[in-house]
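Single-structure report; data block below.
The values are calculated or read from the model by the stated rules, or taken from the named source; none is laboratory data. It should be emphasised that the depicted structure is a prediction, and the values quoted were computed from it without experimental measurement. Positions of Cβ are generated from backbone atoms using ideal geometry, with glycine treated the same way; all protein chains shown enter the neighbour counts. Side chains included, ligands, DNA and RNA excluded: accessible areas come from the protein's heavy atoms. Shrake-Rupley method; radii C 1.70, N 1.55, O 1.52, S 1.80 Å.
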Amino acid sequence: MNIDTHLILISAQAVPNITPILDEQYRPKKVVMLVSADMRQRADWLESVIRSRVGNITRWPVENAWDIEHIRDQVVDLLAVHHENIALNATGGTKPMSIAAYEVFREFDKPIFYVHPEHDRIIWMHPTDLPGGDLADRLKLPEFLKAFGAEVTAQGDKYGVPRRFRELTKTLILNAETYTEPLRVLNAYAAKAKPALTVALDPKHRNYRQLEKLIELFQGHQLLELKGGQLIFPSEDTRFYINGGWLEQHVWGVCLNLKKSLVLQDVGRSIEVERNHRKPPIKNEMDIAILKDNRLYIIECKTHHDKNPVNNKNTQALYKLDSLKDLLGGLQARAMLVSYNPPNKYDQQRAHDLGIAICAHRSLAQLSQKLTEWIT
């Protein structure tokens, strides 16, 4: 069906309004936004994404997003002005907005469609005999995040794991039982070594054989030097790598390997964003972000370990993920914690309650399989 205009209902869920507009099969020439007072800012965010594809965008105000009769009257008035070939995207808005707009469009025999939130496909509600269709996945991470009011300010490089480090990360992952505790100690030293890149090894650790083996492992890859009782990091990059960057890089490499087989729209690492709707702007960072079928997947990587059962690094990461997936991806977003350390029973329950997946410790050897099951 050839549609000139989409009427979209503005709500906190931006993606179902955007995806039909970006798909060439359904792209309109004009977009009309039905906007309540509390959704004006979200309309601004949405317009910033749509305007690059559709230049003709107008707004139709709704004073009360919960008054069905008022909304009906507003939609009737809207159709008197925009009486051209117009279709309703009934996916967004409040329930009263969706019901009222649906009733008016049915009454005037105008087409109505709905975007299935799980399967990312068009379903025609009126007329019902029109065939539905899968939507093209044209959104990339910067556009997607912009629709939720977040501007990408920086991203990590697009390269995979350098070949010289692959054996190192493989050794660390396959020997998680052996290296968990010494890596906790080494992480603490790496944190102390900023910005001097040098830190004295405590005498009590000088005969810690497992720590010695771990230091030797990193020394063998020219990432660290132990000299005269001093741990010396060649650069800030190597210090960051030892202090947890290696796990993020490993997860990134696994995601890149899955990009083709899982048909991922976009994959990014070390993504820094600013949300400008408050002063000063709120800054957030995602270790790994994935788009698949216009759904956001966020991964947080942790190697640091402390033994506080109530508020440790894994706990903090879970709360961060819970906040970010709602703020930056809406209801359909998913999150995963990838940790070198085994989560305690409190964090396992916390992750379950928050709907966050975990791949940790010995399970890291099956990360590719875990990600595939999680994403598909």
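With a 1.4 Å probe and all protein chains left in place, how much of the accessible area of the stretch 290-349 comes from carbon and sulfur atoms, in whole percent?
With neighbouring chains kept in place, the figure for the stretch 290-349 is 49 percent.
Residue by residue, what Karplus-based ³J(HN,Hα) values in Hz, rounded to whole numbers, does the stretch 80-95 have, using 6.51, -1.76 and 1.60 with θ = phi - 60° and x for Gly and Pro?
Result, rounded to whole Hz: 5, 8, 9, 8, 6, 5, 10, 10, 9, 8, 8, 6, x, x, 6, 4.
Apply the a/c threshold of 1.5 to the C-alpha gyration tensor of the stretch 314-362 and tell me whether it is rounded, prolate or oblate.
prolate
What is the ratio of the Cα radius of gyration of the stretch 40-106 to 2.2 N^0.38 Å, where N is its residue count, to two decimals?
1.14
Order VAL254, VAL263, VAL152, VAL338 by their accessible area, 1.4 angstrom probe, all chains in place, largest first.
Sorted by accessible area, descending: VAL263, VAL152, VAL254, VAL338.
Taking all protein chains together and a probe of 1.4 Å, list GLU300, GLU373, GLU103 from the most accessible to the least accessible.
The ordering from most to least exposed comes out as GLU373, GLU103, GLU300.
Can you give the FRET efficiency to the nearest 0.05 for ASP4 and LEU262, using r as the Cβ-Cβ distance and R₀ = 35 Å?
After rounding to 0.05, the efficiency reads 0.50.
Helix 246-258 versus the longest principal axis of the chain: what is the Cα-based angle in degrees, 0 to 90, to the nearest 10?
Taking the Cα atoms of the chain, the angle to 246-258 is about 50 degrees.
Where does helix 40-50 land angle-wise versus the long Cα axis of the chain, in degrees 0 to 90, nearest 10?
Compared with the principal axis, the helix lies near 80 degrees.
Tell me, what is the percent relative contact order of the chain, built from C-alpha pairs under 8 Å that lie six or more residues apart?
So the answer I get is 14 percent.
How much accessible area per residue does the stretch 1-104 have, in Å², with a 1.4 Å probe?
Result: 42 Å² of accessible area for each residue.
Return the long-range amide H neighbours of GLY160 (sequence gap of 5 or more, or a different chain), with a cut-off of under 5 Å between placed amide H atoms.
Amide H neighbours of GLY160: none.
Which entry is the computed Rg and Dmax of the Cα atoms in Å for this structure: [x] 21.6, 69; [y] 25.1, 84; [z] 20.6, 62?
Among [x] 21.6, 69; [y] 25.1, 84; [z] 20.6, 62, the one derived from this structure is [y].
Which value results for Rg/Rh of the stretch 173-310 when Rg is the Cα radius of gyration and Rh the Kirkwood radius based on the inverse mean 1/r?
Taking Rg over the Kirkwood Rh, I get 1.05.
Hey, in the GNM for the chain with a 10 angstrom Cα cutoff, which one of PRO343, PRO96, PRO234 fluctuates hardest?
Looking only at PRO343, PRO96, PRO234, the largest GNM fluctuation is found for PRO234.
If you roll a 1.4 Å probe over the heavy atoms of the protein chains, what accessible area per residue do you get for the stretch 205-283, in Å²?
Heavy-atom accessible area per residue stands at 51 Å².
Sum up the charges of everything whose Cβ sits under 9 Å from the Cβ of HIS119, counting Lys and Arg as +1 and Asp and Glu as -1, but leave HIS119 out.
Computed value for this residue: -3.
Under Stokes-Einstein, with the Kirkwood radius over Cα pairs standing in for Rh, what whole-number D in µm²/s applies to the stretch 8-123 at 10 °C and 1.306 mPa s?
D = 113 µm²/s.
Report in % the part of the accessible area of the stretch 1-118 that belongs to carbon and sulfur, leaving out ligands and nucleic acids; probe 1.4 Å.
Summing carbon and sulfur atoms, their accessible area is 48 percent of the total for the stretch 1-118.
Rounded to whole Å, give me the distance from the Cα center of the stretch 317-371 to that of the stretch 256-307.
13 Å
Once you have a ≥ b ≥ c as the square roots of the Cα gyration tensor eigenvalues for the stretch 243-339, tell me rounded if a/c is under 1.5, and otherwise prolate or oblate according to whether a/b is larger than b/c.
Oblate is the answer for the stretch 243-339, as a/c is 1.5 or above yet b/c matches or exceeds a/b.
Between GLN41 and LYS194, what length in nm is gained on full extension when 0.36 nm per residue of separation is reduced by their alpha carbon distance?
Extra length from GLN41 to LYS194 when fully extended: 51.0 nm.
What lysines sit close enough to LYS313 to cross-link, taking a C-alpha to C-alpha distance under 21 Å and skipping anything fewer than 8 places away on the same chain?
Counting by Cα, and skipping residues close in sequence, LYS313 has these lysines nearby: LYS192, LYS194, LYS283, LYS302, LYS325, LYS345.
Taking θ as phi - 60°, what are the ³J(HN,Hα) couplings along the stretch 116-124 by the Karplus curve (6.51, -1.76, 1.60), each to the nearest whole Hz, with x for Gly and Pro?
5, x, 8, 9, 6, 9, 6, 10, 7
Highest GNM mean-square fluctuation, the chain, Cα pairs closer than 10 Å: which of GLN155, GLN265, GLN316?
GLN316
Can you give the % of DSSP beta bridges in the chain that are antiparallel, to the nearest 5?
50 percent
Let me have the 222 nm mean residue ellipticity of the chain computed from DSSP H runs of 4+ only, each contributing -39500 (n - 2.57), with the sum over all residues rounded to the nearest 500.
Only helices count here, giving -12000 deg cm²/dmol.
What does the charge count near ALA193 come to, summing +1 for each Lys or Arg and -1 for each Asp or Glu among other residues with Cβ under 11 Å from its Cβ?
Summing Lys/Arg as +1 and Asp/Glu as -1 gives +2.
Scan around ILE358 for amide H atoms under 5 Å from its own, H built in the peptide plane at 1.01 Å from N, and keep only partners 5 or more places away or cross-chain.
LEU337
For the chain, with a Gaussian network of springs between Cα atoms less than 10 Å apart, report the residue from LEU324, LEU130, LEU183 with the top mean-square fluctuation.
Greatest mean-square fluctuation among the candidates belongs to LEU130.
Multiply the residue separation of HIS83 and GLU118 by 0.36 nm, subtract the distance between their alpha-carbon atoms, and state the gained length in nm to one decimal.
Computed gain between HIS83 and GLU118 is 9.4 nm.
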